[in-house]
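Heads up, the thing below is written out as structure tokens.
The values are calculated or read from the model by the stated rules, or taken from the named source; none is laboratory data. This structure is a prediction, so every number in the text was calculated from the model and none was measured. Here Cβ is always computed from backbone atoms with ideal geometry, including for glycine, and neighbour counts include all displayed protein chains. Ligands, DNA and RNA are stripped out before the accessible areas are found, and what is left, the full protein with its side chains, is counted by its heavy atoms. Shrake-Rupley method; radii C 1.70, N 1.55, O 1.52, S 1.80 Å.
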Amino acid sequence: MDLLNAMNAPQKEAVMTTEGPLLILAGAGSGKTRVLTHRTAYLIQEKKVDPYHILAITFTNKAAGEMRERIDRLVGFGSEAIWVSTFHSMCVRILRRYIDRLGYDTNFTIYDTDDQKSLMKDICKRLEIDTKMMKEKMFLSVISSAKNEMIGPIEFANRAVGDFTKRKQAEVYAEYQRALKQNNALDFDDLLLLTVELFKLDKEVLTNYQERFRYIMVDEYQDTNTVQFELIRLLAMKYKNLCVVGDDDQSIYKFRGANIYNILNFEKQFEDAKVIKLEQNYRSTQNILDAANAVIQNNIGRKAKRLWTENGEGEKIQLEQLDNSYEEADYVVRDIDRKVRNHEYRYQDFAILYRTNAQSRLFEERFISKNIPYKIVGGVNFYARKEIKDVLAYLKTIGNGHDDLSVQRILNVPKRGIGATSIGKIMDFSIEHGCDFYEALCHADAVPKLGKAADKVRPFVNLIESMRVLSQNKDVVELIKAVLDQTGYVAELVAEGTDEAQARIENIDELISKAADYMQTAETPSLNDFLQEVALVADIDSLDEDTDYVVLMTLHSAKGLEFPNVYLTGMEDGLFPSYMSITSDEIDGNGANSEVEEERRLCYVGITRAKEHLTLTAAKSRMVRGETQWSKLSRFVKEIPDDLLKGSYSREREVPRFESPGFQNTPVRKYVSPSQQRQFESATTGAMNLNYGVGDRVSHMKFGEGTVTALVSGGRDYEVTVDFDTVGTKKMFATFAKLKKL
Ligand code: ATP
Ligand code: MG
């Protein structure tokens, strides 16, 4: 039949093994997801299984959407009765029907992160917890991990004896659950946990769903956590027709509680399980696969598997080591532009992948200036991110204060105890007097019935005024740092200590780097000029309406997807693998650094997204928090044999040494992530190749031609003074000035 025609032997076997537990353990691009969709069709068409009895679970909404489409296409009529769902949406459906059996009302509310935060705030207040010492977010994150491990408040409390912090957490956990229930609300983790509870408590409900879902399939099984495993185990217990597919080499969600043993121990957990391995890859060229294999084989204690393909060798992997991150972004964007102009590809055939969200900024700016449509998948455009908007709102308020929306945005950010009612009164006052909102703030004492709130407004006005004084010296970097410092904005994020807060800090650091770059290149730097420049690149209007666009995303979001052209960017030790992982002392049973191994799996995921062309890029220097940092080529890149690579890079001399006499070679510091930078002393040294010296004629992109009058080693970089023919003398950092010798 048609369904089996386009299948190799083990794929066919997997499709036709419809009864009993089945594990398909296979590398990337070997057709795992495809087997699931074809298996679904086979069950219906050949085995005459009622679509009603099939459940297919996957990880993200995007993946579920794609799977649904593929299945609809294969199955046609009747396919809507199949449940194709993420874990969460499946649980919502079940709980909406039966949660009353757990004492909740079936019209329960689902709390999102903001709801959770405000509930937690109330609880901390009620329990008189000093939230400076113990943050609300910390409690939420501890509770979430406990729920993923299926540890309820009582068990949590039993384990907490003796430890003060843990006891507090237990107290908060119990209170949090009580409050949720009282509000008839569930958080995301509850959706899974309560479904498991329901199944365990109520045999009738469990049997009902076991009867319904006689055939269960799970994609990306390597990333399931403990509660998800239990859910599947319970559902599959009766008919045991459970087919899971996954790749232990692609397990990348340990930080969210994913339990890699779910896949490694499948054969132990499900008796008589059949295991099928798929080794032929249909996605990538042999060179890309060889690179992926070369990298992943450095992980100790993995199940050995090797991928091969009939797709042919293909092109070598392009490796480009650029002088700095600006040139990296330039290189990638030009390359895409060229290939599209040559009619080789459309924009949608390209994906740019990176380790941290903050890296998107430089690419976005290049795309905007070149008018190339792009989209950030699973994330938000850099200048639309909350923390960036907040900081820019501060700068706008300092810059002029006429932008009422900006002032209102930050008046109570971070929290100053100025509520919506007070803001309303101030607004009324400003309307009545025909003045700006900020002016009204300056006259808070005159605002009727404002009362005590006026006392809270005054420090804000003082802060803005003092920042205005500071802004007169025109150093935007210094100004931003002062704002962050005085408002405690970053300190609050540091105290939160969550992954999300860390990403926000990295974004803010990236904005500081933007400002530093601006200071280097602007003719007459000023706050308002900076804001204008940002407004130009932050203009992201109608890009989304295009259907043909380049996608940008983190490596984590790229799981399961494929593209003809993939750029893996920021391939530098300290960025990828992250400094955090390199310095981690978490050692696994095999004596390996498990954090670096997780990063290596992420690298494997990234490489294997590429179908035809894979480009790896690295920058020798990168601005972090406005300061230049030097880094070596990623160890993952070095794990790829030379004969698979082409391009301009240097393995031995990762960091260029300054070659003129008189400058010593100095040891180069590892890349330090922005938050660590604050913890580690910042004695950095580096050197670079300058092909010009004092007295030479040089040209600058913006300022034109001039003569170098001084060259001073600034530790991380060289400070060059140039006497330009038209604009006069300017001092700048060599890395960013990009001077060309004439
Ligand atoms: P990942 O681990 O990245 O999720 P996967 O194992 O799920 O990968 P698929 O996405 O199912 O792999 O398949 C990869 C590509 O190979 C898809 O474009 C798919 O259509 C194609 N493919 C898989 N098997 C075959 C086959 N037998 N014949 C032709 N194309 C195939
Ligand atoms: Mg897949």
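Residue pairs whose Cβ atoms lie under 6 Å apart, separated by 6 or more positions or on different chains, with the first residue in the stretch 79-93 and more than 20 Å from D190 (Cβ to Cβ) and the second open to solvent by 30 Å² or more (accessible area, probe 1.4 Å), are S79/D72; A81/Y52; V84/R68. Out of the stretch 446-496, which residues are in a helix (DSSP H, G or I), among the basic types (K, R) and exposed (fewer than 15 other Cβ atoms within 10 Å of the Cβ)? Correct list: R458 only.
Restricting K147, K117, K132 to residues that are assigned to a helix (DSSP H, G or I) and either surrounded by 17 or more Cβ atoms within 10 Å (Cβ to Cβ) or more than 23 Å from the chain's Cα centre (by Cα) (or both) narrows the list to K147. Residues G29, G65: which one is within 16 Å of ligand 2 (Cβ to nearest atom) and surrounded by fewer than 16 Cβ atoms within 10 Å (Cβ to Cβ)? None of the others qualify; the one that does is G65. On the stretch given as the stretch 34-46, residues that are away from ligand 1 (no atom under 16 Å from the Cβ) and either modelled with pLDDT of 95 or more or open to solvent by less than 20 Å² (accessible area, probe 1.4 Å) (or both) total 1. Residue check: is K181 over 30 Å from A63 (Cβ atoms), in a helix (DSSP H, G or I), open to solvent by 60 Å² or more (accessible area, probe 1.4 Å) and out of contact with any Leu (no Cβ under 8 Å at 6 or more places or on another chain)? Against the criterion (over 30 Å from A63 (Cβ atoms), in a helix (DSSP H, G or I), open to solvent by 60 Å² or more (accessible area, probe 1.4 Å) and out of contact with any Leu (no Cβ under 8 Å at 6 or more places or on another chain)), K181 qualifies. Taken over the stretch 610-632, the criterion of being at pLDDT 95 or above and open to solvent by less than 10 Å² (accessible area, probe 1.4 Å) is satisfied by A610, L614, T615, L616, T617, A618, A619.
Would you check if there is a residue in the stretch 271-287 being away from ligand 1 (no atom under 16 Å from the Cβ), touching a Ser or Thr at 6+ places or on another chain (Cβ under 9 Å) and of a type in the set (A, V, I, L, M)? Checking the stretch 271-287: not a single residue is away from ligand 1 (no atom under 16 Å from the Cβ), touching a Ser or Thr at 6+ places or on another chain (Cβ under 9 Å) and of a type in the set (A, V, I, L, M). Counted as qualifying within the stretch 299-415 are the helices (runs of 4 or more DSSP H) with 1 or more residues that are surrounded by 20 or more Cβ atoms within 10 Å (Cβ to Cβ) and under 22 Å from the mean Cα position of the chain (by Cα), namely 325-341, 360-370, 386-399.
Scoring M217 on the criteria (1) within 16 Å of ligand 1 (Cβ to nearest atom); (2) open to solvent by 30 Å² or more (accessible area, probe 1.4 Å) leaves a single failure, condition (2). Only one of the numbered conditions (1) open to solvent by 20 Å² or more (accessible area, probe 1.4 Å); (2) within 16 Å of ligand 1 (Cβ to nearest atom) is not met by L602, and that is (1).
Please tell me if Y671 is over 30 Å from Q286 (Cβ atoms), open to solvent by less than 30 Å² (accessible area, probe 1.4 Å), in a loop (DSSP other than H, G, I, E, B) and at pLDDT 60 or above.
On the way: over 30 Å from Q286 (Cβ atoms): yes; open to solvent by less than 30 Å² (accessible area, probe 1.4 Å): yes; in a loop (DSSP other than H, G, I, E, B): yes; at pLDDT 60 or above: no.
Considered against the rule, which asks whether it is over 30 Å from Q286 (Cβ atoms), open to solvent by less than 30 Å² (accessible area, probe 1.4 Å), in a loop (DSSP other than H, G, I, E, B) and at pLDDT 60 or above, Y671 comes out as no.
Close contacts from the stretch 5-28, counting a first residue that is free of Cβ contacts under 8 Å to residues at least 60 places away in the same chain and a second that is within 16 Å of ligand 2 (Cβ to nearest atom) and in a loop (DSSP other than H, G, I, E, B), with Cβ to Cβ under 8 Å and a gap of 6+ residues or different chains, come to M7/G31; V15/M7.
Return the residues of the stretch 6-33 that are part of a helix (DSSP H, G or I) and either in contact with a helix residue (DSSP H, G or I) (Cβ under 8 Å, 6 or more places away or on another chain) or more than 9 Å from ligand 1 (Cβ to nearest atom) (or both); say none if nothing qualifies. Let's see the steps before the verdict.
Of all residues in the stretch 6-33, those part of a helix (DSSP H, G or I) come to 9-16, 32-33.
If the condition is that a residue be part of a helix (DSSP H, G or I) and either in contact with a helix residue (DSSP H, G or I) (Cβ under 8 Å, 6 or more places away or on another chain) or more than 9 Å from ligand 1 (Cβ to nearest atom) (or both), then A9, P10, Q11, K12, E13, A14, V15, M16, T33 are the ones that fit.
Only one of the numbered conditions (1) open to solvent by 50 Å² or more (accessible area, probe 1.4 Å); (2) closer than 28 Å to W630 by Cβ is violated by K277, and that is (2).
Between Q679, Q664, the distinction of being loosely packed, with under 14 Cβ neighbours inside 10 Å, of a type outside the set (D, E, K, R), over 36 Å from the mean Cα position of the chain (by Cα) and at pLDDT below 85 belongs to Q664 only. The set of residues in the stretch 242-254 that are buried (at least 22 other Cβ atoms within 10 Å of the Cβ) and either away from ligand 1 (no atom under 12 Å from the Cβ) or farther than 30 Å from V295 by Cβ (or both) comprises L242, C243, V244.
Considering each of V295, V275, V244 in turn, give the residue that is within 16 Å of ligand 2 (Cβ to nearest atom), touching a residue at least 24 places away in the same chain (Cβ under 8 Å) and not hydroxyl-bearing (S, T, Y). Lay out the reasoning, then the answer.
Values: V295 fails: within 16 Å of ligand 2 (Cβ to nearest atom); V275 fails: within 16 Å of ligand 2 (Cβ to nearest atom).
Of the residues listed, the single one that is within 16 Å of ligand 2 (Cβ to nearest atom), touching a residue at least 24 places away in the same chain (Cβ under 8 Å) and not hydroxyl-bearing (S, T, Y) is V244.
For the stretch 78-92, the count of residues that are in contact with a helix residue (DSSP H, G or I) (Cβ under 6 Å, 6 or more places away or on another chain), within 12 Å of ligand 1 (Cβ to nearest atom) and either open to solvent by 30 Å² or more (accessible area, probe 1.4 Å) or part of a strand (DSSP E or B) (or both) is zero. Given the criterion modelled with pLDDT of 90 or more, open to solvent by 20 Å² or more (accessible area, probe 1.4 Å) and not basic (K, R), identify the matching residue among E506, E523. The unique qualifying residue is E506.
Residues that are in a loop (DSSP other than H, G, I, E, B), near ligand 1 (Cβ under 10 Å from one of its atoms) and at pLDDT 90 or above do not occur anywhere in the stretch 49-64. In the stretch 276-292, is there at least one residue being closer than 21 Å to L36 by Cβ, outside any loop (DSSP other than H, G, I, E, B) and of a type in the set (K, R)? Yes, there is a match, as at least one residue in the stretch 276-292 is closer than 21 Å to L36 by Cβ, outside any loop (DSSP other than H, G, I, E, B) and of a type in the set (K, R).
Every listed requirement among (1) at pLDDT 95 or above; (2) of a type outside the set (A, V, I, L, M); (3) away from ligand 2 (no atom under 16 Å from the Cβ); (4) within 21 Å of L614 (Cα to Cα) is met by S284 save one, (3). Among the conditions (1) away from ligand 2 (no atom under 16 Å from the Cβ); (2) closer than 21 Å to A610 by Cα; (3) not hydrophobic (A, V, I, L, M, F, W, C), E46 misses just one, which is (2).
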